[in-house]
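Notes follow the structure.
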There are 2 protein chains.
Amino acid sequence: MRADAQRNYDLIVTAASEAIARDGAYASLEEIARSAGVGSATLHRHFPTRWSLLQAVFGGCVRNLAARAGDLLAAPDALDALTTWLHEVTAYATTTRGLADSLLNEPAQESDTCGATLVAAGEPLLRRAVDEGSVRPDITMADLMILANGISLAAQPMGAAKAEQLLTLALQGIGSADRRESVDKGS
Amino acid sequence: MRADAQRNYDLIVTAASEAIARDGAYASLEEIARSAGVGSATLHRHFPTRWSLLQAVFGGCVRNLAARAGDLLAAPDALDALTTWLHEVTAYATTTRGLADSLLNEPAQESDTCGATLVAAGEPLLRRAVDEGSVRPDITMADLMILANGISLAAQPMGAAKAEQLLTLALQGIGSADRRESVDKGS
DNA sequence: TACGATACGGGGGACCACCCCATTTCTGCA
DNA sequence: TGCAGAAATGGGGTGGTCCCCCGTATCGTA
């Protein structure tokens, strides 16, 4: 890759991060190019689709979350590790403007997407919890990611606290007949 | 309202229904006006915002769902009635293109929105289930609607079956230690 | 230094939301 | 019935978007 191309690539990603943080995942590409100081054609050459740009912007966050999942594999309680990670993902997706849209609307065909990375990273956490017997075996990580994502997206206007509350609700269920004793542990 | 204005109003809503069913909630307003046979200015005069148009399009469905909630108040099992209704809402929102977006992105300030109507309609169902003791009392109908909506939105690409599965999951929780005996009732 | 490959960006086409205002259409009243 | 004025209409303009073509400038190498 030529030096100037690399330079422009970085300029675009930086400008896109700011614009997306301000305006969401559908920020104007034209304006991103403008504020990066490059022509719009350059932006489209580096990132043929909007999602390729979003992927570049959020790749770092996603890798961090994936690494965090690896760390949590060492935690003593498997169920706790899983729920903790899901909460962190949800909080991040709710707080970071554009991330939830980005994860949800990325084309499902692609294999190297942010969503796929997170699912792969969370899979061991889920498997461990299932093996331990604390999570139903018919649940898949993909299901949980869709759930977390949907909650992030739908609760975005209400803020991260609401999103986390709803995630807790979804993980515990709505029933009252047999509330787990661990319910009150968190707060 | 003048007769021709009413006529155009209806033409626009009809055309919008088709366009939104085909292209989603962000269908081109220009094309809706074109296929309705009116000028785009007429569309904008009748519906100043995109959400006002969506509200007109989906008002009927929403009223049906609200009425259905009223009917279910007569069902014997309160928890069953609540979950049945939530499933119907989710199925409808997942199947009907644009409805989920419409419910989620409508401005929260307005009072007469589709979302508020559904929340109000579901409230008695929830209250009955809480009074019966089968649902935790700290849950609000607004929370459940956000949950159902988020699931509809996130699972849309996978189809209504996936959405309903995820709703079941969210209502029951992920735990396996104390699975309700009613789990196997549905299927 | 000179050359070929590579990247750049101005500008244009197609589309969109939204608005102004001259014109047409309707309706209540005589 | 006929008419005046209110009400609704829609063509066309503005400013914005995405996306792409292609002549030009820049880079890396020999």
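See the values below:
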item: Yes/no for residue B:98 being small (Gly, Ala, Ser), closer than 19 Å to residue B:50 by Cβ and under 12 Å from the mean Cα position of the chain (by Cα); result: yes
item: Checklist (1) in a helix (DSSP H, G or I); (2) over 11 Å from the mean Cα position of the chain (by Cα); (3) of a type in the set (Asp, Glu) applied to residue B:112, failing item; result: (1)
item: Of all residues in segment A:3-22 being free of Cβ contacts under 8 Å to residues at least 60 places away in the same chain and of a type in the set (D, E, K, R), the one that is surrounded by the fewest Cβ atoms within 10 Å (Cβ to Cβ); result: A:4
item: Conditions (1) touching a residue at least 12 places away in the same chain (Cβ under 8 Å); (2) surrounded by fewer than 19 Cβ atoms within 10 Å (Cβ to Cβ); number of the one not met by residue A:76; result: (1)
item: Test: residue in segment A:68-83 that is closer than 30 Å to residue A:143 by Cα, more than 16 Å from DNA strand C (Cβ to nearest atom) and polar (S, T, N, Q); result: yes
item: Test set (1) near DNA strand D (Cβ under 8 Å from one of its atoms); (2) surrounded by fewer than 20 Cβ atoms within 10 Å (Cβ to Cβ); (3) closer than 29 Å to residue A:121 by Cα - residue A:31 fails condition number; result: (3)
item: Matching option when the condition is in contact with a Pro (Cβ under 7 Å, 6 or more places away or on another chain), surrounded by fewer than 22 Cβ atoms within 10 Å (Cβ to Cβ) and under 26 Å from residue A:16 (Cα atoms), among A:108, A:91, A:56; result: A:108
item: Qualifying positions in segment B:133-157 - among the polar types (S, T, N, Q), under 17 Å from residue A:145 (Cα atoms) and either more than 7 Å from chain A (Cβ to nearest Cβ) or surrounded by fewer than 21 Cβ atoms within 10 Å (Cβ to Cβ) (or both); result: B:152, B:156
item: Single unsatisfied condition, residue B:19 versus (1) within 16 Å of DNA strand C (Cβ to nearest atom); (2) within 13 Å of the chain's Cα centre (by Cα); result: (2)
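To keep it simple, each residue is scored yes or no on (1) more than 16 Å from DNA strand C (Cβ to nearest atom); (2) touching a residue at least 40 places away in the same chain (Cβ under 8 Å); (3) not small (Gly, Ala, Ser).
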residue: A:26; (1), (2), (3): no, yes, yes
residue: A:31; (1), (2), (3): no, no, yes
residue: A:36; (1), (2), (3): no, no, no
residue: A:40; (1), (2), (3): no, no, no
residue: A:45; (1), (2), (3): no, no, yes
residue: A:66; (1), (2), (3): yes, yes, no
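Where a number appears in this text, it was derived from the coordinates with a stated rule and is not lab data. What you see is a predicted model; the values in this text were computed from it and never measured. Cβ: placed from backbone, ideal geometry, glycine included. Neighbour counts: every protein chain shown.
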